[in-house]
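What follows draws every value from the coordinates through simple rules; no lab data is involved. All figures in this text were calculated on a predicted structure; none of them were measured in a lab. Neighbour counts run over all protein chains shown; Cβ positions are idealised from the backbone, glycine included.
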Ligand code: PLP
């Protein structure tokens with residue numbers, strides 16, 4: 001039977017790539033009393049988070065906030081812009097790209113899937129030149145949207161979205177560009193306006209360091225125009241009524257008030273630190289973690305160093321070693337949760353998240369848990385990953401110091 005009164009000593013190490021550990025500052029903000037979502041105080045909160053979240057997406061255009069998980073925001077992006085039977089080009093980088101494609105099919109769209117040629121499809125980022133070729137061949141412009149995942153959480157691959165925009169432009173194709181940055185936003189650099197994205201999709205439980213429960217669509221002017229003619233059924237997800245209500249800081253249905261307090265606090269933290277410093281922080285953590293994996297002599301799931309994710313690292317276990325058994329051991333013995341392999345890489349790899357409320361020593365602890373767990377599972381390691389990560393972190397000071405002594 002599930003028991004919720006199990007209290008191990010110390011802090012749990014939640015090293016999955018989202019939901020990420022939530023800072024105490026955000027948990028405290030969430031504990032404020034729930035207020036009337038139609039009352040006068042609420043509008044100030046609504047207007048603040050709507051303005052702040054635009055800065056995080058690096059956009060001046062509307063961002064729609066839903067009380068839903070990321071999957072809801074996937075659906076919202078599609079039902080607002082597409083009509084039944086529309087042809088969409090979806091690039092497979094891993095499990096989440098695949099799940100988005102399944103959702104598109106359930107909505108009645110005609111999803112064409114493309115990906116990296118050969119068996120290593122889940123080990124590479126989006127190849128923009130292949131998208132360009134495909135769009136050039138679509139002379140009748142039957143493809144209505146190109147859908148890509150910015151940071152593929154199942155593999156640890158971060159694709160080059162600016163290159164996808166250039167590919168669409170050089171093919172002179174009118175398709176919308178839809179990007180899932182559910183795990184990229186607020187950890188990896190993401191520029192909705194500069195990269196010419198039409199719909200950016202994100203969620204609360206990753207780089208924003210919030211619990212699960214809210215998700216986003218950042219929307220371009222072109223997507224808004226297209227949405228006026230799109231005929232897939234929509235009611236709860238419809239952008240028009242929400243954007244109208246948002247003008248005065250309200251929503252047509254009940255928003256997730258306490259998560260909006262949390263969002264406000266998260267934006268204060270991220271914008272206060274500065275997005276460049278936030279991106280550098282994740283980049284540095286990822287370098288330290290990869291130094292450990294390389295020292296162990298294990299393979300990183302992402303085979304292309306130019307698209308290593310700053311958010312998470314996928315670690316492939318040697319043939320014959322069940323990655324989930326290693327994870328189970330690490331969880332039971334050292335109270336550390338690691339991400340499971342999803343879909344076709346289940347049992348073949350595990351994922352170390354380096355996002356959310358974390359620091360060098362949190363990561364060192366997680367790596368120590370991994371190293372002990374791998375050894376206990378009989379994996380022959382080439383060397384100490386813990387030592388390699390310590391060497392990396394101590395020889396590469398963070399851009400922003402954690403604390404300043406008087
Ligand atoms: N897309 C990506 C890249 C994700 O990482 C996730 C969840 O981890 C999803 C989509 C699905 O979002 P959710 O589980 O919040 O519905």
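Numerical summary
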read-out: Two-site label geometry, residue 113 and residue 11: point separation in nm, points 7 Å out along Cα→Cβ; value: 3.9
read-out: Alpha carbon convex hull of the chain, projected area averaged over orientations, nm²; value: 21.6
read-out: Centroid-to-centroid separation of region 6-81 and region 357-379 [C-alpha atoms, Å]; value: 29
read-out: Kirkwood hydrodynamic radius of region 262-405, from inverse mean 1/r over distinct Cα pairs, in Å; value: 15.9
read-out: Theoretical ellipticity at 222 nm over the chain - DSSP helices of four or more residues, -39500 (n - 2.57) apiece, nearest 500; value: -12500 deg cm²/dmol
read-out: Backbone N under 11 Å from the residue 136 label point (7 Å along Cα→Cβ), restricted to region 146-179; value: 170-172
read-out: Inter-probe distance in nm under a simple model that places probes 7 Å from Cα toward Cβ, at residue 51 and residue 38; value: 2.6
read-out: Normalised contact order of region 311-356, rounded percent, pairs of Cα under 8 Å and 6 or more residues apart; value: 51
read-out: R0 of 45 Å, Cβ-Cβ distance residue 405-residue 333: FRET efficiency to nearest 0.05; value: 0.80
read-out: Relative contact order (%) - region 25-271, alpha-carbon pairs under 8 angstrom, separation at least six; value: 32
read-out: Euclidean distance of C-alpha centroids, region 171-185 and region 86-159, integer Å; value: 10
read-out: Along principal axes, Cα extents of region 120-229, largest first, whole Å; value: 44, 39, 21
read-out: Contour excess over end-to-end distance, with Cα ends at residue 271 and residue 381 and 0.36 nm allotted per residue; value: 35.5 nm
read-out: Projected label distance in nm at residue 229 and residue 325, using a 7 Å step from Cα toward the beta-carbon; value: 5.8
read-out: DSSP bridge pairs, the chain: antiparallel proportion in percent, nearest 5; value: 50
read-out: Förster-model FRET efficiency, 45 Å R0, residue 241 and residue 396, C-beta, rounded to 0.05; value: 0.40
read-out: Ranked packing of 275-288, 299-312, most packed first, by mean Cβ within 10 Å; value: 299-312, 275-288
